[in-house]
Amino acid sequence: MAMLIDGKRISALVREEIKEKTAALKTEKGIVPGLAVIIVGEDPASQVYVRNKARACEEVGFYSEVYRLPAETTQEELNALVDSLNVNDAIHGILVQLPLPKHLDETDVLLRINPDKDVDAFHPYNVGNIMIGDYRFLPCTPAGVMELLKRSNIDPAGKKCVVIGRSNIVGKPMAMLLLHANGTVTICHSRTKDLAAVCREADILVVAIGRADFVGADMVKPGAVVIDVGMNRREDGKLTGDVNFSEVEPIASAITPVPGGVGPMTITMLLQNTFTAANK
Ligand code: NAP
């Protein structure tokens, strides 16, 4: 039976530490970390994420502002808001909730955010820094995975790490962070040949595909650590991961559940990045 990597517990621990550091920053330097979140349109999932981010800020003692813009907002209006937040001293982090409505250019907006306030680490400047291994802001979900590994005493050094998924927000930066932690990393995707055989090589398998229950026992080496980044909605509304938990859990040495694994860490690492920006 695998050790359960409890993202809820670890996230609560990290948030408590951020809360303490925030109180000290306020007392010692008079700085309160400030996060601005911009959401355009009415996408229900995005609305939930934004609410959770604002609540998390409040819990650790941050200042936060949420800008809810109508779906018909123009590129000029959105850019003007980002420009004003870039020079607002009370705001240390700016986050534009994605996806944006189709008529808006995501790249244009993300490029406009001051890299010093880019707490999602999506700006090419910060992406480049991640590549070099000289980073201030870490992409939140991969950073959350690294924190889960660290606090579970799982060291990627010298281990065979396989990441399934090569998106810019999860797969690629995940692979890079594992590499910087001295793992030997393979990245897989939809064109990978004999995916199951590649995955069976992994000491640490990170799955970020977006397909419910995709990874079964046949893709996992006995004793491997399995990290499930996937978040999929079943027809009954329940959240489920990319890993078939009931099949894989008996053979893995450690595994993250969904929900309650990687998910809670993502916002926690956003808080960490915002604190870092404020403390600069
Ligand atoms: P994405 O942009 O859709 O990328 C999915 C990746 O999976 C792609 O690289 C794709 O390969 C690969 N893939 C798809 N089907 C595959 C298959 N049959 N075999 C091998 N590879 C396959 O998704 P994402 O944004 O990275 O998100 C991945 C999952 O993580 C989603 O479930 C998402 O909801 C979840 N997520 C969770 C959090 C969190 O906080 N826990 C945060 C972000 C995302 P190609 O490149 O070849 O198409």
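Read-outs throughout are calculated quantities, based only on the coordinates presented, and are distinct from any laboratory measurement. Not measured: the values here are computed from a predicted model. Because the Cβ atoms are built from the backbone with ideal geometry, glycine has one as well, and the counts that use them run over all protein chains shown.
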| Burial order of peptide ranges 239-248, 126-135, 178-187 (average beta-carbon count within 10 Å, highest first) | 239-248, 178-187, 126-135
| message | Helix-only estimate, please: 222 nm mean residue ellipticity of the chain, summing -39500 (n - 2.57) across DSSP H runs of length 4 or more and dividing by its residues, to the nearest 500. | response | -12500 deg cm²/dmol
| task | Have a look at T107, A175, S253 and report the one farthest towards the positive end of the charge dipole of the chain, computed about the Cα centre with Cβ charges (Lys/Arg +1, Asp/Glu -1). | result | S253
| task | Using only the Cα atoms of region 37-125, build the gyration tensor, take square roots of its eigenvalues as a ≥ b ≥ c, and label the shape rounded, prolate or oblate: rounded if a/c is under 1.5, else prolate if a/b is larger than b/c, else oblate. | result | oblate
| Cβ crowding within 10 Å averaged over residues, with 256-264, 81-89, 4-12, 216-224 ranked highest first | 256-264, 4-12, 216-224, 81-89
| said: Using the Karplus curve 6.51 cos²θ - 1.76 cosθ + 1.60 with θ = phi - 60°, what ³J(HN,Hα) values do you get for each residue of region 183-190, in whole Hz, with x for Gly and Pro? | reply: x, 9, 10, 10, 10, 10, 7, 5
| query | Does region 233-280 classify as rounded, prolate or oblate by the C-alpha gyration tensor (a ≥ b ≥ c root eigenvalues; a/c under 1.5 gives rounded; else a/b over b/c gives prolate, otherwise oblate)? | reply | oblate
| task | May I ask you to order 152-159, 16-23 by the average number of other C-beta atoms within 10 Å around their residues, highest value first? | result | 16-23, 152-159
| request: Mind telling me which of K26, K53, K117 comes out most flexible in a GNM of the chain, alpha-carbon contacts under 10 Å? | output: K26
| field | Vicinal HN-Hα couplings computed from phi for region 124-132 (Karplus, 6.51 cos²θ - 1.76 cosθ + 1.60; Hz; Gly/Pro x) | value | x, 4, 6, 4, x, 4, 5, 4, 6
| field | Three-way shape call for region 1-65 based on the alpha-carbon gyration tensor, with the a/c threshold at 1.5 | value | oblate
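Given the pairs K53/K280; K160/K193; K19/K238, which span a C-alpha to C-alpha distance of over 27 angstrom in this model?
The answer is K19/K238.
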